[in-house]
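Colleague: Input: one structure, supplied below.
The values are calculated or read from the model by the stated rules, or taken from the named source; none is laboratory data. Source: prediction; values computed, not measured. Neighbour counts run over all protein chains shown; Cβ positions are idealised from the backbone, glycine included.
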């Protein structure tokens, strides 16, 4: 038997995407199914298993699949179970790895979206060959996948790398959805960017295109478009975001001595306005032994396929099932 | 050949200790030599090699030694080189691993003191069987050895785990020997404890035994003795230190999802005055998924032997030499 493929499954709140991916990271075939509308998790997995088998059979890949990798919210990589995912329609815990393995007969691993993105970048993207880097996912929340010494950090229960919830002093007066104050996520997520813009708009009277956006439509994408169009205040919003990320990365450096930090997710689309401040803040705030060492860049995987490629890369790492 | 022993070498600025240690962590025999007084590093290693060979031969251990583990300041575990150690008498870089291997014919690994302490605790101490913990060394400086998924985090150049130099907001106005402000070390090292005491003494007029200690003699040990004797302000000094450590550990938790934090080093002698505040701060400040999970304790290795046992444990881990 020759291993030619993996299968990536990206479980979203509304839709589940899956793809047959070759070992070079090319998507050979893809399919999807609704995540919602099934009476229970077992029915969903039955439908998912049929889709997986369909992909394998239609592409003559039987016996050539190394494994299935699932990227899902709140996934515990160690146990293979989804725990407390508020945006999935079934009660937790969901023993998804066991269910999928039984439905397909294919070895399955799972990880959260941010971890999957990091492994995808290391397997197929710009971090190929890099054994020490941090992938920061800047979207609705802020997540991270930390690769140290070539390993994806998992931790006692698979909850390593929740770097969106480290305390960040600039954010001390910002409340986080987790119930605490000061999480990095409150400045570096899409909502954090909007909050920064709101505060800047309130703090001075400069003209800005942002003032013309109705409050409900002031989102990170709109602020990014204003920055693209040259709006000074919109650019400053991302400059501030980059500075915060850089200061946080100065602390992250002391943890894992990384070679690179890679940004990913919706907010990273405005990276060109964040990277200069981010790099400057890292060099200014990192301990001397980490200076002039840490490359900061944006994921090289296409936005639309990164989640599925991240999931498809998971069978290449050794996740420890307990 | 049966492997029965390792050799631990603890390189201090004045003396170098070495010991033949059996696989259960018992010190079978020990020796020492002065670190200073040799014309160069090669001469020092020659003397060290003779001591190692002497220990092996005198105890009938030839062919039964798994390896030599060296704990040394500023040791780069990845390259085997000591870089920029200001308290060693030779110019850097010192390719100590290569030199010792050539002098003894025994496979050698090196790590910094804090990492060695962590591996020692995992190999011989209370962390046996624990795959996720953080060892905090609280002494002249603050160091850490981070064990995640059973691995000692090394990082790109072996500088992972410099947790004494993360930015800690309570310390924003304290200058660190590294040239920056706000390092955790400025509150949690021996000098940090003294600085906290000085500030408390200046901030109010309460009577305290600490006021009777002449300024040059006000050190962490003296403050610990005052706390032992029931001095209220001395106890508050360590309570504050514990609170700072707990808040910092709440951030560390988000990095590696640990089961335990273990304290080690001179300042940890006053642990009974720090642990309650430390535990309280972790539970208050950690993200909910880490609460009621992280055990905080003090190293179970005897203070006098912990460094040498840590060094002796290093051959049991896979350090990657580049």
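Colleague: Before we move on, is residue A:246 outside the structural domain of residue A:114 (by TED's automatic domain parsing), closer than 23 Å to residue A:185 by Cα, modelled with pLDDT under 95 and crowded, with 24+ Cβ neighbours inside 10 Å?
Modeller: So residue A:246 fails the test.
Colleague: For the stretch B:271-305, how many residues meet the condition of being in contact (Cβ under 8 Å) with a residue 60 or more places away in the chain, part of a helix (DSSP H, G or I) and under 23 Å from residue B:238 (Cα atoms)?
Modeller: Result for the stretch B:271-305: 0.
Colleague: Right, residue A:97: over 15 Å from the mean Cα position of the chain (by Cα) and surrounded by 22 or more Cβ atoms within 10 Å (Cβ to Cβ) or not?
Modeller: On the way: over 15 Å from the mean Cα position of the chain (by Cα): yes; surrounded by 22 or more Cβ atoms within 10 Å (Cβ to Cβ): yes.
So residue A:97 fits the description; yes.
Colleague: Using the structure shown, decide if residue B:225 is modelled with pLDDT of 95 or more, under 20 Å from residue B:134 (Cβ atoms) and either more than 14 Å from every other protein chain (Cβ to nearest Cβ) or in a helix (DSSP H, G or I) (or both). Show your work before the answer.
Modeller: On the way: modelled with pLDDT of 95 or more: yes; under 20 Å from residue B:134 (Cβ atoms): no; either more than 14 Å from every other protein chain (Cβ to nearest Cβ) or in a helix (DSSP H, G or I) (or both): yes.
No, not satisfied.
Colleague: So, in the stretch A:145-201, how many residues would count as being more than 9 Å from chain B (Cβ to nearest Cβ), under 22 Å from residue A:117 (Cβ atoms) and not in a loop (DSSP other than H, G, I, E, B)?
Modeller: 10
Colleague: Considering only the stretch A:71-92, I want to know if a residue exists there that is more than 25 Å from residue A:137 (Cβ to Cβ) and touching a residue at least 24 places away in the same chain (Cβ under 8 Å).
Modeller: Kept after step one, since they are more than 25 Å from residue A:137 (Cβ to Cβ), are these residues of the stretch A:71-92: A:91.
From what is left, the residues that are touching a residue at least 24 places away in the same chain (Cβ under 8 Å) are none.
Checked the stretch A:71-92: no residue is more than 25 Å from residue A:137 (Cβ to Cβ) and touching a residue at least 24 places away in the same chain (Cβ under 8 Å).
Colleague: Is it the case, given these coordinates, that residue A:84 is in a loop (DSSP other than H, G, I, E, B), touching a strand residue (DSSP E or B) at 6+ places or on another chain (Cβ under 7 Å) and either modelled with pLDDT under 95 or under 20 Å from residue A:260 (Cβ atoms) (or both)?
Modeller: Details: in a loop (DSSP other than H, G, I, E, B): yes; touching a strand residue (DSSP E or B) at 6+ places or on another chain (Cβ under 7 Å): no; either modelled with pLDDT under 95 or under 20 Å from residue A:260 (Cβ atoms) (or both): yes.
Here the answer is no, as residue A:84 does not meet what is asked.
Colleague: Name every residue in the stretch B:257-267 that is in contact with a helix residue (DSSP H, G or I) (Cβ under 8 Å, 6 or more places away or on another chain) and either facing chain A (nearest Cβ under 8 Å) or closer than 24 Å to residue A:184 by Cα (or both), in order of residue number.
Modeller: Answer for the stretch B:257-267, where residues must be in contact with a helix residue (DSSP H, G or I) (Cβ under 8 Å, 6 or more places away or on another chain) and either facing chain A (nearest Cβ under 8 Å) or closer than 24 Å to residue A:184 by Cα (or both): B:257, B:258, B:261.
Colleague: Same structure again: Go through (1) in contact (Cβ under 8 Å) with a residue 24 or more places away in the chain; (2) farther than 30 Å from residue B:173 by Cβ; (3) in contact with a helix residue (DSSP H, G or I) (Cβ under 8 Å, 6 or more places away or on another chain) one by one and return the number of the condition residue A:136 breaks.
Modeller: (2)
Colleague: Continuing with the same structure: Taking strands (runs of 3 or more DSSP E) that fall entirely within the stretch A:1-67, which contain at least 3 residues that are touching a strand residue (DSSP E or B) at 6+ places or on another chain (Cβ under 9 Å), in contact (Cβ under 8 Å) with a residue 60 or more places away in the chain and in the same structural domain as residue A:82 (by TED's automatic domain parsing)?
Modeller: Details: elements: A:5-11, A:15-22, A:27-34.
By residue number, A:5-11, A:15-22.
Colleague: Turning to a different aspect of this structure: From B:28, B:11, which residue is at pLDDT 95 or above and more than 16 Å from residue B:105 (Cβ to Cβ)? Explain how you work it out, then say what you get.
Modeller: Working: B:11 fails: at pLDDT 95 or above.
The conditions single out B:28.
Colleague: Here's another thing I want to ask about it. Buried (at least 17 other Cβ atoms within 10 Å of the Cβ) and either outside the structural domain of residue A:35 (by TED's automatic domain parsing) or at positive phi (or both): which single residue out of A:79, A:126 fits that description?
Modeller: On the way: A:79 fails: either outside the structural domain of residue A:35 (by TED's automatic domain parsing) or at positive phi (or both).
One residue alone meets the criteria, A:126.
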